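Visitor: Have a look at this one.
The values are calculated or read from the model by the stated rules, or taken from the named source; none is laboratory data. Note that the structure is a prediction, hence the values are computed from the model and not measured. Neighbour counts run over all protein chains shown; Cβ positions are idealised from the backbone, glycine included. What goes into the accessible areas is simple: the full protein's heavy atoms, side chains included, and nothing from ligands, DNA or RNA. Shrake-Rupley method; radii C 1.70, N 1.55, O 1.52, S 1.80 Å.
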Amino acid sequence: MYTEKVMDHFQHPRNMGEIENASGVGTVGNAKCGDIMRIYLDIDENQIIRDVKFKTFGCGAAVATSSMATELVKGKNIQEAMEVTNKAVMEALDGLPPVKVHCSLLAEEAIHAALWDYAEKNGIKIEGLEKPKSDIHEGEEEEEEEY
């Protein structure tokens, strides 16, 4: 069901933890499955992501996508980090089962939320960055449950 890379990042996550006095912190959740992801960024004066850490409460796929997302943005400038999409995270993990694709979206949104926090703290605007949602389903129509 899961690729070797997903299992590796789940069993041996990279960059897990927190950064004290982080340049930017982003927290997003998925109310439908209960996953919560927090990304911490340490960004230097040249807008390069020197360090990145994550804390995730969720399934193995959520941990794996968090881990891979941190690997993809570490050492990048903030504009390059903006280009890390859920598709890029999934491809780097050699795919995810269809029911776990939302985990990669959570990783993308958490990075964007941390970049938003950084931009707000520093009074800058990051091209293409929109105010993050706290829940990845925010703004969607509620699905009618049938009984």
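Visitor: Can you find a residue that is touching a strand residue (DSSP E or B) at 6+ places or on another chain (Cβ under 9 Å), of a type in the set (D, E, K, R) and open to solvent by 80 Å² or more (accessible area, probe 1.4 Å) anywhere in the stretch 108-116?
Guide: no
Visitor: Among residues belonging to the stretch 125-147 that are open to solvent by less than 60 Å² (accessible area, probe 1.4 Å) and at pLDDT 90 or above, point out the one that is nearest to Ile78 (Cα to Cα).
Guide: Ile126
Visitor: Checking Leu105 against (1) part of a helix (DSSP H, G or I); (2) open to solvent by less than 50 Å² (accessible area, probe 1.4 Å); (3) closer than 20 Å to Asp35 by Cα; (4) in contact with a helix residue (DSSP H, G or I) (Cβ under 9 Å, 6 or more places away or on another chain), only one condition comes out false. Which one?
Guide: All conditions pass for Leu105, except number (2).
Visitor: Let me ask another. Restricting the first residue to the stretch 67-89 and requiring it to be under 14 Å from Leu129 (Cα atoms) and among the acidic types (Asp, Glu), which pairs with a second residue that is assigned to a helix (DSSP H, G or I) and open to solvent by less than 10 Å² (accessible area, probe 1.4 Å) meet a Cβ separation below 8 Å and a spacing of at least six or different chains?
Guide: Short answer, once both residue conditions are applied: Glu80/Val73.
Visitor: Kindly provide the set of residues from the stretch 1-54 that are surrounded by fewer than 16 Cβ atoms within 10 Å (Cβ to Cβ), within 21 Å of Gln79 (Cα to Cα) and hydrophobic (A, V, I, L, M, F, W, C), ordered by number.
Guide: The one that is surrounded by fewer than 16 Cβ atoms within 10 Å (Cβ to Cβ), within 21 Å of Gln79 (Cα to Cα) and hydrophobic (A, V, I, L, M, F, W, C): Ile48.
Visitor: Further question on the same structure: With the structure loaded, tell me whether Lys100 is open to solvent by 70 Å² or more (accessible area, probe 1.4 Å), farther than 17 Å from Ala119 by Cβ and in contact (Cβ under 8 Å) with a residue 12 or more places away in the chain or whether it fails that test.
Guide: Against the criterion (open to solvent by 70 Å² or more (accessible area, probe 1.4 Å), farther than 17 Å from Ala119 by Cβ and in contact (Cβ under 8 Å) with a residue 12 or more places away in the chain), Lys100 does not qualify.
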